[in-house]
1. Filter region A:170-216 for residues that are small (G, A, S), farther than 30 Å from B:A82 by Cβ and in contact (Cβ under 8 Å) with a residue 12 or more places away in the chain and give the result.
2. Tell me which of these B:A129 doesn't satisfy, since it passes every other one: (1) at the interface with chain A (Cβ under 10 Å from one of its Cβ atoms); (2) of a type outside the set (F, W, Y); (3) in a helix (DSSP H, G or I); (4) surrounded by 15 or more Cβ atoms within 10 Å (Cβ to Cβ).
3. Determine, yes or no, whether B:S153 is crowded, with 21+ Cβ neighbours inside 10 Å, more than 12 Å from chain A (Cβ to nearest Cβ) and within 32 Å of the chain's Cα centre (by Cα).
4. Does A:A146 count as surrounded by fewer than 18 Cβ atoms within 10 Å (Cβ to Cβ), more than 30 Å from A:L31 (Cα to Cα) and under 35 Å from the mean Cα position of the chain (by Cα)?
5. Can you name the number of the only condition in (1) more than 12 Å from chain B (Cβ to nearest Cβ); (2) crowded, with 20+ Cβ neighbours inside 10 Å; (3) of a type outside the set (S, T, N, Q) that A:I218 fails?
6. If I filter region A:71-126 down to residues being closer than 15 Å to B:A116 by Cα, assigned to a helix (DSSP H, G or I) and among the small types (G, A, S), which single residue comes out as farthest from the other protein chains (Cβ to nearest Cβ)?
7. Please enumerate the residues belonging to region A:27-59 that are of a type in the set (G, A, S) and more than 7 Å from chain B (Cβ to nearest Cβ).
8. Which residues, taken from region A:185-201, are more than 13 Å from every other protein chain (Cβ to nearest Cβ), buried (at least 16 other Cβ atoms within 10 Å of the Cβ), of a type in the set (A, V, I, L, M) and closer than 17 Å to A:A222 by Cα?
Number of protein chains: 2
Amino acid sequence: MHDVAHPTHQEQHFESTETVRDIVIGLSDGLTVPFALAAGLSGAIASAHLVVLAGLAEIAAGSIAMGLGGYLAARGDAEHYAAELLREQDEVVTRPDDEAEEIYEIFEQYSVPREAATPVLQALQANPAAYVDFMMRFELGLEAPAANRAHRSALTIAVSYIAGGMVPLFPYMLLSDNFAALKLSVAITLVALAAFGGIKGRLVGTGTLRSALQTTLIGGAAAAAAYGLARLLNHA
Amino acid sequence: MHDVAHPTHQEQHFESTETVRDIVIGLSDGLTVPFALAAGLSGAIASAHLVVLAGLAEIAAGSIAMGLGGYLAARGDAEHYAAELLREQDEVVTRPDDEAEEIYEIFEQYSVPREAATPVLQALQANPAAYVDFMMRFELGLEAPAANRAHRSALTIAVSYIAGGMVPLFPYMLLSDNFAALKLSVAITLVALAAFGGIKGRLVGTGTLRSALQTTLIGGAAAAAAYGLARLLNHA
């Protein structure tokens, strides 16, 4: 479910990639887990009302857990970046020789000798802001997070989770017969998973058909396992 | 829930960081969502058996969805890295001028003039393997993924999810009174969330107490929302 967007060319369309990633995170879990839970429960209990109740409780729990989790992760990243930025800004001024040595070490990893790296070091030393940015990216591997990202990330993930989770639950709300609702839920959710997977595959470049098969497989396997387990336990 | 481990100094203890990250992903969702679902359902239905059934179905669904999702994400990252590596290896040979221009552009972002970057470029051109590695890291921002990571990642996430999810369900297995089970489940799960959050905070450096409060807050909020929603719906 995680790290689906590759970091390639982040600098060009950073914002949209992050939002797409949040939608993908929310939708893929939202389409999968409430679907599997509802399918599992409908294999064990007769009341569609209880399936809807459990499904909605799961959506509430999952969207809050994922949304708040996304919020704290994004805020943690932003704070981590800010703290490291302060540290680098300080070190560039107070420990110039150590920083210069770190530059040499970065280039040594790529067999670039010290004398070849020296002009780059001198250019960076002439521009402390660029020097700090360079260290953030190439020593620490950190990118500046978008401002206000945490709130947007939390909301995007939570709304996507709720939207995804409502798809498999609709049939249980409409139909009183649990088995008929299960069949309809499986049908529309597998179609939704395939469509979502296909679009995701196009966006992140892993291939439309392959990604569609993967998301359908994950959702189907989770639902089948939950269904089998619930039936087994109910007959035990 | 995502990206909790910061990429700082990944090169030194890359393996352990990835495993810790997978355990954190599995445990934080596993402790939170089945807990909230069980709490929510126990606010609406009297049968502890049904709460356990729904909880176990959720654990089956969630562990498979997250484990398979982690597997595919890790495999996708590895394939993406391999494909980009081939492309860079080809471009270094077939389009040396374009690659040289890309090197200049990387340094221009940090106000390093072309003449200062030229010695670095020449050193890289003398060592094609290092040249390709440099482009992978500094043009594309990609790190070589650990071999065989996908299987291990999937298993670690799934087992952590199951381990986390069993904690809140135990009381419902032991006690026949749903309300007594709810109280015990809330007590032991909040303690488990605080302990997990504290350890996580120490490991990723966000602070023990703060991280403990955050995980407890997420789990508590999700459980309270699920409980409130289920009660509301049941009385509607």
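1. A:S176, A:A181, A:S185, A:A192
2. (4)
3. It is false that B:S153 is crowded, with 21+ Cβ neighbours inside 10 Å, more than 12 Å from chain A (Cβ to nearest Cβ) and within 32 Å of the chain's Cα centre (by Cα).
4. No, not satisfied.
5. (1)
6. Among those that are closer than 15 Å to B:A116 by Cα, assigned to a helix (DSSP H, G or I) and among the small types (G, A, S), it is A:A117.
7. Matches in region A:27-59: A:G30, A:A38, A:A39, A:S42, A:G43, A:A46, A:S47, A:A48, A:G55.
8. A:V186, A:L190, A:A192, A:A194 - these are the residues of region A:185-201 that are more than 13 Å from every other protein chain (Cβ to nearest Cβ), buried (at least 16 other Cβ atoms within 10 Å of the Cβ), of a type in the set (A, V, I, L, M) and closer than 17 Å to A:A222 by Cα.
All of the numbers you see were taken from the coordinates with simple rules; none came from a lab. Note that this is a predicted model, so its numbers are computed, not measured. Cβ atoms come from the backbone with ideal geometry, glycine included; neighbour counts cover every protein chain shown.
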